[in-house]
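Take a look at the structure set out below.
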Amino acid sequence: MAIVSDHPSSHRSSSDPARRPGEEEILDWLQEDRPERLELLWRQADRVRHQNVGDAVHLRGLIEISNHCTRRCAYCGVRAPNRRARRYRMTPQQILECVHLAVERGFGTVVLQSGEDPRHTGGWVADLVGRIKGETPLAVTLSLGERTAEDLVLWRQAGADRYLLRFETSNRELYDRVHPPAKGTVSDRIALLRLLREIGYEVGSGIMIGLWGQSWQDLATDIALFAKLDLDMIGLGPYIPHPDTPMAQHPDRYRLPPERQVPADELTTHKALALARILCPEVNIPATTAMTTINPEQGLELALSRGANVFMPNLTPDDHRARYTIYPSKTSLVHRDEESYHHLQHRLQALGREVGAGRGDSVRYSRRHP
Ligand code: SAH
């Protein structure tokens, strides 16, 4: 079945593998450059988004709770060996203050994200989640990296609803090179995603577009894997080099020859976004910070018109937010003040979209758990 259909009313289902487009077709679309063909791709993605998840844009309050990290990911600015990163860790009181700001703004979800911080023990995070669930009606999403099954179960029991863990790339050799395992362990994010599903989380994953060493074929396989994993949420954004990382400092060790290397640009990111929407019609897909960082003026509008249905305003206090530098020049379209939130509402209204009410659970997940 073609990715772009001529029948606007046709309803495709990602649960029917026979109807799932193959990697070859994905690959063709990724390398498509004719504007009139791409216009068809954007229109199809927007139609599939409208038909399956509607016009509401769900807002998630993002809280970057710590930039301490024990890992050595070659692409990430908060990697352990980066001595120039100024480290911080928010206290539970500071985090709860942000959580209450999310309630005040009418958001349905908070997302707690951090490096792999050894002080975030299973018990510490479980207490925090328990307090948020006890004090507010919010859905809680965790994005705390690779953790033990024991911790993940504990947090789910404490009330955590969702977990985000990008597999970053489906190319195992590239993954091992850019994402070395913690000492004495094997890093298998695909296995962790399956475990998260079994534990009962709403599960999100994703990739970076144009990560150095990523080929067109790799990217096509990544997108096909989204559908195979039957995810509830998909997050993607362009790779943005951070000067204090090995990847940015030694491009020759990582980059492929130009004809094979996927560019980390907006157009390629949007092709991947549109294809993810078409292949996984019922998932939640955010317009990510990386997308708005590379295009602060129009990145939000373009992403929401090419498949995205979620946005994550950053509620981290400014001094901490400035230090959560996984990549440089990270923008924040919405700040903590009310005025910038109203500005966001106007931008959504101008697009003919409204702020979503309630928790904004994934349609995919709700179908699985009627
Ligand atoms: N420690 C958590 C959260 C990491 S930050 C984890 O590893 O899951 C969330 C995402 O930011 C990562 O999964 C990665 O896809 C993205 N990211 C990290 N460094 C980046 C960079 N230099 N450019 C673009 N995205 C980056």
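The values are calculated or read from the model by the stated rules, or taken from the named source; none is laboratory data. None of these values were measured; they are calculated from a predicted model. Please note: Cβ atoms are built from the backbone with ideal geometry, for glycine as well, and neighbour counts cover all protein chains shown. Note: areas computed on protein heavy atoms with side chains; ligands, DNA, RNA excluded. Shrake-Rupley method; radii C 1.70, N 1.55, O 1.52, S 1.80 Å.
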task = Determine whether region 149-168 contains at least one residue that is open to solvent by 40 Å² or more (accessible area, probe 1.4 Å), in a loop (DSSP other than H, G, I, E, B) and within 27 Å of ARG367 (Cβ to Cβ).
result = yes
query = When residues of region 192-214 are filtered for being under 21 Å from CYS76 (Cβ atoms) and assigned to a strand (DSSP E or B), how many remain?
reply = 6
request  = Confirm whether GLU259 is more than 13 Å from the ligand (Cβ to nearest atom) and under 28 Å from LEU333 (Cβ atoms).
outcome  = no
request  = For region 272-289, state whether one or more residues are touching a Leu at 6+ places or on another chain (Cβ under 9 Å) and more than 24 Å from LEU193 (Cα to Cα).
outcome  = no
message = Looking for something closer than 19 Å to HIS50 by Cα, under 21 Å from the mean Cα position of the chain (by Cα) and aliphatic (A, V, I, L, M) - is there at least one such residue anywhere in region 332-354?
response = yes
note = Only one of (1) closer than 27 Å to ILE3 by Cβ; (2) buried (at least 19 other Cβ atoms within 10 Å of the Cβ); (3) of a type in the set (D, E, K, R) does not apply to ARG194, and that is (2)
query = Among the helices (runs of 4 or more DSSP H) confined wholly to region 258-368, which include 2 or more residues that are farther than 17 Å from TYR239 by Cα?
reply = 266-279, 299-305, 318-321, 338-350, 363-368
task = State whether the residues of region 238-253 include one that is within 30 Å of PRO81 (Cα to Cα), in a strand (DSSP E or B), within 20 Å of the chain's Cα centre (by Cα) and within 16 Å of the ligand (Cβ to nearest atom).
result = yes
inquiry  = Take the residues in region 102-120 that are of a type outside the set (D, E, K, R) and within 16 Å of the ligand (Cβ to nearest atom); name whichever of them is surrounded by the fewest Cβ atoms within 10 Å (Cβ to Cβ).
reply    = PRO118
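Inside region 197-210, can you point out the residues that are surrounded by fewer than 23 Cβ atoms within 10 Å (Cβ to Cβ) and in contact with a helix residue (DSSP H, G or I) (Cβ under 9 Å, 6 or more places away or on another chain)?
Hits for region 197-210 are ARG197, ILE199, GLY200, GLY210.
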request  = May I ask you to list the residues in region 262-289 that are within 16 Å of the ligand (Cβ to nearest atom), open to solvent by less than 10 Å² (accessible area, probe 1.4 Å) and aliphatic (A, V, I, L, M)?
outcome  = VAL262, ALA272, LEU273, ALA276, ILE285, ALA287
request  = Take region 125-159 and flag every residue that is within 15 Å of the ligand (Cβ to nearest atom) and either among the polar types (S, T, N, Q) or under 18 Å from LEU195 (Cα atoms) (or both).
outcome  = THR141, LEU142, SER143, LEU144, GLY145, GLU146, ARG147, THR148, ASP151, LEU152, TRP155
query = Taking only pairs six or more apart or across chains, which ones have beta-carbon atoms under 9 Å, a first residue in region 29-43 that is exposed (fewer than 15 other Cβ atoms within 10 Å of the Cβ), and a second residue that is not in a helix (DSSP H, G or I) and not hydroxyl-bearing (Ser, Thr, Tyr)?
reply = ARG37/VAL4
message = Of all residues being within 20 Å of VAL125 (Cα to Cα), open to solvent by 30 Å² or more (accessible area, probe 1.4 Å) and outside any helix (DSSP H, G or I) in region 70-92, which is nearest to the ligand (Cβ to nearest atom)? Just the residue, please.
response = THR70
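Check ASP230, ASP244 and return the single one that is charged (D, E, K, R) and at positive phi.
Step by step, each of ASP230, ASP244 is checked, and only ASP230 is charged (D, E, K, R) and at positive phi.
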